[in-house]
1. Taking only protein heavy atoms into account and a 1.4 Å probe, give the accessible area per residue of the chain in Å².
2. State whether region 100-178 is rounded, prolate or oblate according to the following rule on the C-alpha gyration tensor (a ≥ b ≥ c being the square roots of its eigenvalues): a/c under 1.5 gives rounded; otherwise a/b larger than b/c gives prolate, and the remaining case gives oblate.
3. Counting only protein heavy atoms and a 1.4 Å probe, tell me what percentage of the chain's accessible area is made up of carbon and sulfur.
4. Using just the helices of the chain, give the 222 nm mean residue ellipticity in deg cm²/dmol: DSSP H runs with n ≥ 4 each add -39,500 (n - 2.57), and the total is spread over all residues, rounded to 500.
5. Which stretch or stretches of region 61-83 have amide N atoms under 19 Å from the point lying 7 Å from Phe171's Cα along the Cα→Cβ direction?
6. Among 16-28, 178-190, how do they line up by average Cβ neighbours within 10 Å per residue, starting with the highest?
7. Among residues other than Gly141 whose Cβ falls under 11 Å from its Cβ, what is the net charge (Lys/Arg +1, Asp/Glu -1)?
8. First select every other residue whose beta carbon is under 14 angstrom from the beta carbon of Asn79; then total the charges, Lys and Arg +1, Asp and Glu -1.
Amino acid sequence: MSRTAFSVSVAMAAYNGAPFIGNQIESILSQLKEGDELIISLDPSSDNTEEIIRAFAKRDRRIKWLRGEGKGLVNNFGNAIRHCSNDIIFLSDQDDLWKKGKVDIVLSYFEDPKINVVMHDAEIVNEKGERRFPSFIEKRGCCTGVFKNIFKNSYIGCCMAFRKSIKKYIFPFPENVPMHDQWIGLVGEITGKSVIIDNVLLYYRRHEKNASAETHSNIRQMLRWRLGLAGSIFRFTVKYYLHKGRRQK
């Protein structure tokens, strides 16, 4: 299946992103085709992020932006994803940079109809774009597997894309899920297949204002999240296979 057979949506969550969001939008738009779209959900911000987004949207009709509810990162991404309408949905942070060829390489994996989620590797950089580590996958020890990713998450949204067809399964995000990307990756594994590829297709910027922290929560909170996530995955799996069994009769 060729690149033109897939339409692309990009879901971006934005909040106080003025220092970096312009460069990120440019790196995304350079890889989108006519008919693709960049959906930006902007939580109430105290800097000029909105003005930057408005200026880009006036110049490029592929950009559609909407106001977030100010209820945090997961809710903001959910708002953007819900408004995505194309075949393959890419997730995007506001402060990274997409490397050339990212979209075409990722889309090639969706030629396999069993694959629902693709995650690629990233080079970790600092606020100035200087390399901190050459491979997120190596640093994190990423791999697929439902049980493994309940207890130690490999999935990172800025490196992920998934089929629109699994939107009906990922929503609503369970209240006990710490991050949307972990849930999407696991749903992808249960409903088909999630793959992690070693192509380094992103400059993953880490700085003091990142919305997603590098540090871990306390042990009690981590345990509570894992137990809650395990319960949600179990309930989803049972419901999914019961429904699948009824359809096959």
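The values are calculated or read from the model by the stated rules, or taken from the named source; none is laboratory data. Keep in mind that what you see is a predicted model, and the values were worked out from it rather than measured. Cβ placement follows ideal geometry from the backbone for every residue including glycine, while neighbour counts extend to all protein chains displayed. When the accessible area is computed, the model is the full protein with side chains, heavy atoms only, and any ligands, DNA or RNA have been set aside. Shrake-Rupley method; radii C 1.70, N 1.55, O 1.52, S 1.80 Å.
1. That works out to 50 Å² per residue.
2. It is oblate, given that a/c is not under 1.5 and a/b is not larger than b/c.
3. Exposed carbon and sulfur together represent 52 percent of the surface.
4. Rounded to the nearest 500, the figure is -11500 deg cm²/dmol.
5. 64-83, by backbone N distance to the label point.
6. Numbers: 16-28: 19.3, 178-190: 22.7.
So the order, starting with the most tightly packed, is 178-190, 16-28.
7. Result for the neighbourhood of Gly141: +3.
8. +3
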